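Below you'll find the structure, written out as structure tokens, and then a few comments.
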Amino acid sequence: MAAVLAALASRPASAQIVGPVDTNAAPGAADRMLAGHVFTPSLLVRSPFAVTAFEADLLYGSGSATGPTYDVHGEVVGDATYSFAATAQSFSYEKKLHEGISAGLGALTQLYSGIDGPSAVVVGAEVQFGAFGRVTAGHRFGPVRAAATFDASYAPRLAIQVFDAIKKALDSGSLETGAALNQSNVWTLKPGLALAWAPFRSLGLITSVDYQWVWLAASGAETQQQSGLDAAIAADLDLGTFTGVPVALLAGYGVTAPLGSNGVSRATSVSGGVFYTGRPALALGVELGRRTFSVRNLDSSALLAQIQLKYHW
């Protein structure tokens, strides 16, 4: 679930720009503009634009997971639905270093937990805090912006896994102090490619794909390595270009697919959002989404809401 939110926290070399920058664009908008369209950021898609900006994201979610029920001996006796809630926050600063090139740093926190007795036992709880960095390097080919991207994060995790501790105690006949606590450290590296295109002044399209490599070192366990592919696409419609209403509508779709026998968990996401566009330097809005994934080997789905504030210079 932490990888999901993180998502919920929010996915090379450069070449000379082909095509002029719109010198008539308002400050804070020119760096994310193509063909007169100012692009709206999405929860799901990695942006190809090199910008100077501060960003704050707040994410909240709730969902359900389907998994087995157990008897007093820890044996499976049926299926049940468990409920959980989650929240995440991230804050970051990105700096445009050169035309088409930017780098940024940020911090994130994430938390999820079962929200009733059985769910707290089976789903457990997990808190994560860490830091991340990103680099964007690209150029413009006429109406298209292309960029190589690289994202990296490091986050210690502390998990409370009540059921695992109970089952271990039943198997061994003794209860170990701290058996329900699991501490791990997670590195995630994501090199990728992102593209943006504006077929009309009112419409922008962004797509991104990246390779995901996860290295996890847990206390009392062997180091694990996982890999996968992320792919996503988003479209934003700026109503202000033809109605005068300072609002943009956003829709996105993303999928995470595992690679090999030790792949990351498969996940599918859809989202829609509404953003205020009255100030070109400001991206302010709410994005709602639904995500299907696996948490602690339980088939899960969640509804997510992200509030985003991003100010550009």
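The values are calculated or read from the model by the stated rules, or taken from the named source; none is laboratory data. The model shown is predicted, which means the values in this text are computed figures rather than measured ones. Backbone-built Cβ (ideal geometry, glycine too); neighbour counts: all protein chains shown. Heavy atoms of the whole protein, side chains included, go into the accessibility calculation; ligands, DNA and RNA do not. Shrake-Rupley method; radii C 1.70, N 1.55, O 1.52, S 1.80 Å.
For the range 106-124, check the following and say yes or no: at least one residue is open to solvent by 20 Å² or more (accessible area, probe 1.4 Å) and more than 29 Å from residue 219 (Cα to Cα). No; the residues of the range 106-124 include none that is open to solvent by 20 Å² or more (accessible area, probe 1.4 Å) and more than 29 Å from residue 219 (Cα to Cα). Within the range 215-241, the residues that satisfy the criterion of being modelled with pLDDT of 95 or more and not small (Gly, Ala, Ser) are 229, 230, 233, 236, 237, 238, 239.
Restrict the check to the range 124-134 and report whether at least one residue is part of a strand (DSSP E or B), among the acidic types (Asp, Glu) and closer than 30 Å to residue 297 by Cα. Walk me through it before giving the result.
Going residue by residue through the range 124-134, those that are part of a strand (DSSP E or B) are 125-134.
Still in the list and also among the acidic types (Asp, Glu): 126.
Right, trim to closer than 30 Å to residue 297 by Cα and you get 126.
Taking every residue of the range 124-134 in turn, at least one turns out to be part of a strand (DSSP E or B), among the acidic types (Asp, Glu) and closer than 30 Å to residue 297 by Cα.
Counting only residues that are farther than 20 Å from residue 205 by Cα and within 15 Å of the chain's Cα centre (by Cα), the range 268-293 holds 4 of them. Restricting the range 268-280 to residues that are in a strand (DSSP E or B) and open to solvent by 20 Å² or more (accessible area, probe 1.4 Å), the residue that is farthest from residue 312 (Cα to Cα) is 268. Residue count for the range 287-311 satisfying the condition of being open to solvent by less than 10 Å² (accessible area, probe 1.4 Å) and among the β-branched types (Val, Ile, Thr): 1.
Checking the stated criteria, residue 93 turns out to be hydroxyl-bearing (Ser, Thr, Tyr), assigned to a strand (DSSP E or B) and open to solvent by 40 Å² or more (accessible area, probe 1.4 Å).
Only one of the numbered conditions (1) more than 18 Å from the chain's Cα centre (by Cα); (2) assigned to a loop (DSSP other than H, G, I, E, B); (3) under 30 Å from residue 187 (Cβ atoms) is not met by residue 265, and that is (1). Assess whether residue 39 counts as being among the hydrophobic types (A, V, I, L, M, F, W, C), farther than 23 Å from residue 288 by Cβ and surrounded by 21 or more Cβ atoms within 10 Å (Cβ to Cβ). No.
Which one of 110, 161, 89 is in contact with a Ser or Thr (Cβ under 8 Å, 6 or more places away or on another chain) and at pLDDT below 95?
Working: 161 fails: in contact with a Ser or Thr (Cβ under 8 Å, 6 or more places away or on another chain); 89 fails: at pLDDT below 95.
Checking each option against the conditions leaves just 110.
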